[in-house]
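Contents: one structure, followed by commentary.
The values are calculated or read from the model by the stated rules, or taken from the named source; none is laboratory data. This is a predicted model, so every value here is computed, not measured. Virtual Cβ from ideal backbone geometry, glycine too; neighbours counted across all protein chains shown. SASA here: full protein model, heavy atoms, side chains in, ligands and nucleic acids out. Shrake-Rupley method; radii C 1.70, N 1.55, O 1.52, S 1.80 Å.
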Amino acid sequence: MDETLERYRQSGLIDDKRFGATMARSLAERGASRQAIKAKLCGRGIAADVIEEVVEGLNRDGGSELDAARALVRKRKLGNYRPASERREHFRRDLGVLARAGFSFDTAKAALGDEGDEDEGF
């Protein structure tokens, strides 16, 4: 069994780095925080050093944490994607959604406030 796995690794059929990079990119595009990406990859059995390398690759490729937060805001219809009459009422709830997704307060606030209208009154 170990021989087979080693042969697959050498041939490139099993490549944790490639798998991790693909999964991380997909998760980031769907609005996952770096913290959530790390947890998901760790849960899939990827080594910690490979996870760090993959996340650094995400940062280098231009996909910022704020972009991921904005994707989640868009996907969940939070912040400026709500009707204007409901934004102020749900602002704290929306911050909580982003915090539970692993985003920092500053990133969450920027994602909610920088989308669309400049006059949201928070």
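Determine the share of the chain's accessible area contributed by carbon and sulfur atoms, expressed in whole percent, with a 1.4 angstrom probe. Kindly include the intermediate steps, with their values, before the conclusion.
Numbers: 3800 of 7870 Å².
Exposed carbon and sulfur together represent 48 percent of the surface.
Compute the helix-to-body angle for 34-43: its Cα long axis versus the longest principal axis of the chain, expressed 0 to 90° and rounded to tens.
Orientation of helix 34-43: about 40 degrees from the principal axis.
Can you tell which of GLY20, LEU78, ASN59 lies farthest toward the positive end of the dipole of the chain, using +1 and -1 charges on the Cβ of basic and acidic side chains (Lys, Arg; Asp, Glu)?
Checking the options against the dipole of the chain, the answer is LEU78.
Could you list the GluC sites (Glu not before Pro) in the range 52-83 that lie in coil according to DSSP, counting only those with at most 11 other Cβ atoms within 10 Å of their Cβ? Mind dumping the intermediate values first?
Values: sites: GLU52, GLU53, GLU56, GLU65; in loops: none.
Answer by residue number: there is no such site.
I want to check a number: in the chain, how many lysine pairs have alpha carbons closer than 22 Å, given a sequence separation of 8 or more or different chains? Kindly include the intermediate steps, with their values, before the conclusion.
Values: LYS17/LYS38; LYS17/LYS40; LYS38/LYS75; LYS40/LYS75; LYS75/LYS109; LYS77/LYS109.
So the count of such lysine pairs works out to 6.
Over the chain, average the accessible area per residue using a 1.4 Å probe and give it in Å², no decimals.
That works out to 64 Å² per residue.
Taking Cα atoms, how many degrees apart are the long axis of helix 2-11 and the longest axis of the chain, rounded to 10 and kept between 0 and 90?
Approximately 70 degrees, to the nearest ten.
What do you get for the angle between helix 65-76 and the principal long axis of the chain? Use alpha-carbon atoms, 0 to 90 degrees, nearest ten.
Result, in degrees: 70.
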